[in-house]
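Only one structure is covered here, and it is reproduced in the block below.
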Amino acid sequence: MAKNYIQILNKEHENILSVADVIEKECNGIKSGKELDKDFFNKAVDFIENYTDKFHHSKEEDILFKELCKPEAEMHCNPVDQMLYEHDIGRNFVKGIKEGIKKGDKEKIVENALGYVQLIREHIFKEDNILYPMSESALNKESKDSIQNRFEKVLKSMEEENKKYSKIIGDFKKR
Ligand SMILES: [Fe+2]
Ligand SMILES: [Fe+2]
């Protein structure tokens, strides 16, 4: 059966978390003396910018969060602002990783990459356990159907990219 919008996002979170684990492992390796592998971090940045941010966060920001901020959504203590803020902190960490790669600065890369890993784990925990379940009760059927339709359109239009990133996730896990 087709996945509903929450199951789609939950599954993407699983992928994002599995890449976060690999990034953490690589950083711990560097801390114990491993050489800097710029290629690995370039691929990690590509994954975060395109899969996590462009593909996953944009569905939250442009579709789900917009529905949650409509007056008819019965959201008490709306956590959307905090989630948006955390997406931005994540983007700053990525900026730091990229600057580190450019300068060949291991410490800067590790510091920003581990900051990112911690942030994204906590962020995903909040969405999976608080925000998404809240959306389930706050949104009416019309909103949910609209989210579902728009998600399916995005998935369809990004099928090729999705395949590419599934392969990258598989390669990362083999490291
Ligand atoms: Fe998010
Ligand atoms: Fe998310």
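The values are calculated or read from the model by the stated rules, or taken from the named source; none is laboratory data. These figures come from a predicted structure and were not determined experimentally. We place every Cβ from the backbone using ideal geometry, glycine too, and count neighbours over all the protein chains shown. For accessibility, only protein heavy atoms count, side chains too; no ligands or nucleic acids. Shrake-Rupley method; radii C 1.70, N 1.55, O 1.52, S 1.80 Å.
Taking the simple approach of a point 7 Å from Cα along Cα-to-Cβ for both D46 and E14, what is their distance in nm?
That separation, rounded to one decimal, is 2.5 nm.
Pairs to check: K59/K102; K70/K98; K66/K164; K25/K102. Give those whose C-alpha atoms are more than 25 Å from each other in this structure.
Beyond 25 Å: K59/K102; K70/K98; K66/K164.
With every protein chain present, what accessible area does R175 have (1.4 Å probe, heavy atoms only), rounded to the nearest 10 Å²?
Its heavy atoms expose roughly 110 Å² to the probe.
Would you work out the relative contact order for the chain, in percent, from Cα pairs under 8 angstrom that are 6 or more residues apart?
RCO, the chain: 37 percent.
On the protein heavy atoms, probe 1.4 angstrom, tell me the percent of accessible surface of the chain carried by carbon and sulfur.
The C+S portion of the solvent-accessible surface of the chain is 52 percent.
Just to make sure I understand: if all protein chains stay in place, what is the order of E61, E161, E142 by accessible area at 1.4 Å, largest first?
The residues order as E142, E161, E61, largest area first.
Only four residue types carry charge here, +1 at the Cβ of Lys and Arg and -1 at the Cβ of Asp and Glu. Report the dipole size of the chain about the Cα centre in Debye, rounded to the nearest 20.
660
Connecting C-alpha atoms closer than 10 Å in a GNM of the chain, tell me which of M134, M83, M158 has the biggest fluctuation.
M158
Using a 1.4 Å probe and counting only protein heavy atoms, arrange E74, E159 so the residue with the most accessible area comes first.
Descending order: E74, E159.
Could you tell me which helices of the chain pass both thresholds, a Cα extent of 20 Å or more along their own axis and a mean Kyte-Doolittle hydropathy of at least -0.5, with helices taken as whole DSSP H runs?
Taking the DSSP H segments of the chain (at least 20 Å long, mean hydropathy at least -0.5), we get 5-31, 106-126.
Choose one answer from N129, N78, N15: the residue with the largest mean-square fluctuation in a GNM of the chain with alpha-carbon springs under 10 Å.
N129
Enumerate the residues in region 70-88 having an amide nitrogen under 20 Å from the point lying 7 Å beyond the Cα of D62 toward its Cβ.
In region 70-88, the label zone of D62 (backbone N under 20 Å from the point 7 Å along Cα→Cβ) covers 70, 80-81, 83-88.
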